[in-house]
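What follows is a short report on a single structure.
Here, each number is a calculation from the coordinates, and none is a lab measurement. Keep in mind that this is a model prediction, so the values were computed, not measured. Cβ atoms come from the backbone with ideal geometry, glycine included; neighbour counts cover every protein chain shown.
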Amino acid sequence: MYLNRGGIFLICYSGIPLLIILAISPLLNVAGYYLFFTMPAYVVLAGLVASELIEISSRESKAISSAVMVILLISLISQTYLYFMNENGGREKWKEAFKTISNEVEKDDYVVISMPRIAEYYLQKTNVLQLENIMGNIDSYKNSWSNEKKDVWFVLDESSLRVLDPKHKFRTWIYANCSMVSNFPVYARVMDRSVSVWKLNYQ
């Protein structure tokens with residue numbers, strides 16, 4: 001009905017960026033907010049659908065049109081509830097992860113994380129190492145840490161590990177040399193945004 005130039009433009013404007021994001025998401029760490037610029041297209045499309053439903057309700061059965069509106073409303077509410085309650089707004093549970101170890105991490109302990117500023121913020125400490133910088137020479141770092149006799153904590157997020165450790169070599173090392181302290185799973189749509197906390201074993 002609306003497949004004129006304007007309708008085709010709206011479909012392309014809203015659909016093509018979404019398809020591109022879905023295509024590259026298995027390879028790169030992308031998030032839904034990259035599609036924010038397409039929101040005007042969805043607003044216009046929603047207005048067109050609402051207008052069409054009003055026309056249908058004036059021509060067809062009130063029960064059918066009311067049922068369609070209820071289904072749409074339930075769908076919107078359920079997606080909103082899922083996003084904020086189950087998916088944690090599509091965000092990692094950094095705060096919860098650091099809260100579990102905040103009373104255990106000593107001043108001189110090392111904390112390894114993909115984004116050091118997060119650890120510096122929640123733990124108020126500067127003895128933080130960037131994950132990417134140590135992954136290639138982790139055994140040498142372990143020997144150095146062992147000589148210093150300091151505890152080492154790994155706060156790892158799956159979003160970064162998918163990019164930095166595609167062959168799971170580092171994760172295999174973690175499983176063999178560390179003990180899991182806690183895990184905070186978050187699954188937003190098809191993305192795993194879980195955060196896990198590990199402590200290095202020297203035995």
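Of note:
- Diffusion constant of segment 104-151 at 25 °C, which comes from Stokes-Einstein with the Kirkwood Cα-pair radius and 0.890 mPa s, µm²/s: 219
- Peptides 72-82, 118-128, ordered by how many other C-beta atoms sit within 10 Å of their residues on average, highest first, read 118-128, 72-82.
- For q = 0.14, 0.26, 0.27 Å⁻¹, Debye-computed log10 I/I(0) when each Cα of segment 5-86 counts as one equal scatterer: -0.68, -1.18, -1.19
- The chain: translational diffusion in µm²/s, Stokes-Einstein, Kirkwood Rh over Cα pairs, 37 °C, 0.692 mPa s: 160
- Listed by chain and number, the lysines whose alpha-carbon sits under 22 Å from that of LYS95, ignoring those within fewer than 8 places in the same chain, are LYS107, LYS125, LYS199.
- One Cα centroid belongs to segment 82-147, the other to segment 165-182; the line between them spans 14 Å.
- Based on the reciprocal of the average 1/r between different C-alpha atoms, the Kirkwood radius for segment 94-200 equals 14.1 Å.
- 5 angstrom amide H check on SER194, placed H, neighbours 5+ away: GLU158, SER159, VAL186
- Of all DSSP beta bridges in the chain, antiparallel share, percent nearest 5: 65
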